[in-house]
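J.: Have a look at this one.
The values are calculated or read from the model by the stated rules, or taken from the named source; none is laboratory data. Quick caveat: nothing in here was measured; it's all calculated off a predicted structure. With ideal geometry, Cβ positions are generated from the backbone for all residues, glycine too; neighbour counts draw on all protein chains shown.
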Amino acid sequence: MRKIDDLSFEELIEEILKTGEPKFKASQIFDWIHKKTVDNFDEMSNVSQKTKAKLKDEFEFAKADILLKLASKLDDTKKYVIKFEDGNIVESVYLKYKFGNTACISSQVGCKMGCYFCASTKKGYIRNLSTAEMLRQIYLIQKDTKEKISNVVIMGSGEPLENFDNVIKFLHIINDERGQNISLRKITLSTCGIVPYIYKLADLNLPITLAISLHASNQEKREQIMPIAKKYKLPDLLKACDYYVETTGRRLTFEYILIEGFNDSTEDAENLSKLLKGKLANVNLIPCNYIKEADIKPSSDSDIMKFKKILADKGINATLRRELGSDINAACGQLRNDLLKM
């Protein structure tokens, strides 16, 4: 049976008209699903029993529940394991900042990219999430925290551009003023660099923030930790990034995980500066997370600050990601992996 929370407003209008109901019913139903975030028809108090019966014959809701929640004792970060009706689980994270509340959501169950430093990929790829399943992560977090989400980061498990159509539909629905009305400018999509889809995304000209997982300043090192780099070479990736900036006018973010003794040297910082010179971009420096499955350690604080200073001296805008929820392993993938072993 089809999922009603997978439908855009325009698709919902079409379905309502097919049932012989008036068009205005679509507005009522969309409001219940995406503004009030109900997950069953019976809660729709201003929709007639006749209309609800017709909908129940054709549609159901995507089922999702919070299987586990961890709350940080260090800050307001909360980590969720969310279970879908087929038994698959993903992780989502709630992060509280001065500028608003952020939900970090997953776009796939598992991941096929195989990045060495990432826990999400260690158990492999299972399937794409539907649009409704991505939306449901935000709706569940809001219900649990009783806080409005103002910012979204598609940076949990999975490669969003490998689930392109569902992700784009998610962006339109979460941005819809009849629903959550979250500004596209407050949404970040993180990709390890699927070059053809970067061009495709650029042509849609959506005012989101695109974050590129770079993590190395040359092709050889990038291939060592990111298998996708063998398919999409660094010059081709940077060319696609330039096209994205030229087409959208949006500043890019380059994510750079700092791994002790691998990509955190003075030479690495200088090479990165040369690579990104003149680009409309900033670098987000991220101390790597310790994960059991990979023998890596985060760079020392002194090496991180030295790296950041070299970039700044070379005219590259760089920020250091503030670590939140460290006591609950808030980086996506770690908790799911532990649960799958049980």
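J.: Could you list, in sequence order, the residues of the stretch 103-131 that are part of a loop (DSSP other than H, G, I, E, B) and either not assigned by TED's automatic domain parsing to the domain that holds I187 or not hydrophobic (A, V, I, L, M, F, W, C) (or both)?
T.: Within the stretch 103-131, S106, S107, K112, G114, Y116, K122, K123, G124, S130 meet the criteria.
J.: Would you mind listing the helices (runs of 4 or more DSSP H) fully within the stretch 262-342 where at least 3 residues are exposed (fewer than 14 other Cβ atoms within 10 Å of the Cβ) and modelled with pLDDT of 95 or more?
T.: Hits in the stretch 262-342: 266-276, 301-313.
J.: State which residue is nearest to I138 (Cα to Cα) when the search covers only the stretch 15-35 and only residues that are surrounded by 13 or more Cβ atoms within 10 Å (Cβ to Cβ) and free of Cβ contacts under 8 Å to residues at least 24 places away in the same chain.
T.: Ranking the qualifying residues of the stretch 15-35, first place goes to W32.
J.: Would you be able to tell me the number of residues in the stretch 158-210 that are in contact with an Asp or Glu (Cβ under 9 Å, 6 or more places away or on another chain) and hydroxyl-bearing (S, T, Y)?
T.: 3
J.: Would you please name the residue that is surrounded by the most Cβ atoms within 10 Å (Cβ to Cβ), looking only at residues in the stretch 51-95 that are over 22 Å from I29 (Cβ atoms) and aromatic (F, W, Y)?
T.: Y94
J.: So, in the stretch 229-254, how many residues would count as being in contact with an Asp or Glu (Cβ under 8 Å, 6 or more places away or on another chain) and of a type in the set (A, V, I, L, M, F, W, C)?
T.: Total satisfying the criteria: 1.
J.: Can you give me the number of residues within the stretch 8-26 that are more than 19 Å from D42 (Cβ to Cβ) and under 28 Å from the mean Cα position of the chain (by Cα)?
T.: Result for the stretch 8-26: 4.
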